[in-house]
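Visitor: Pasting a structure here, questions to come.
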Amino acid sequence: MGHPEPAAQRVQTAPLIVEPASIEQSIRAGLDCTHLEVSGDGAHFEAVIVSPAFAGLPRVRQHQLVYAALGERMREEIHALSMKTYSPEEWAAR
């Protein structure tokens with residue numbers, strides 16, 4: 001007859017629920033934003049990001065700046081992030 005497993009080995013951790021506000025905070029910490037909206041369901045998110053850092057850059061480079069601001073969170077916590085990025089001038093002209 002085997003010994004029962006210790007309780008610590010039986011406990012499973014719940015999946016981490018990521019709040020949109022937490023993503024917004026990470027983006028703001030790494031990127032100067034004049035406008036930022038983040039929405040999502042805990043795994044898939046959408047963001048509208050306006051930053052002077054985007055001026056004159058191609059979209060792919062703008063997105064790379066956002067990914068850099070999020071760092072490891074993109075690999076570990078955020079499964080999908082759809083984003084619309086604008087310079088302040090682009091945002092004003094839309």
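Visitor: Tell me the Kirkwood hydrodynamic radius of region 18-93 in angstroms, computed as one over the mean inverse distance between distinct C-alpha pairs.
Guide: In region 18-93 this quantity evaluates to 12.2 Å.
Visitor: Separate question: Find out how many positive minus negative residues lie around VAL18, taking Lys and Arg as positive, Asp and Glu as negative, among other residues whose Cβ is under 12 Å from that of VAL18.
Guide: Residues close to VAL18 contribute a combined charge of -4.
Throughout, read-outs are computed from the coordinates displayed, never taken from laboratory work. These numbers come from a predicted model, not from an experiment. Glycine also receives a Cβ, built like all others from the backbone with ideal geometry; neighbour counts cover every protein chain displayed.
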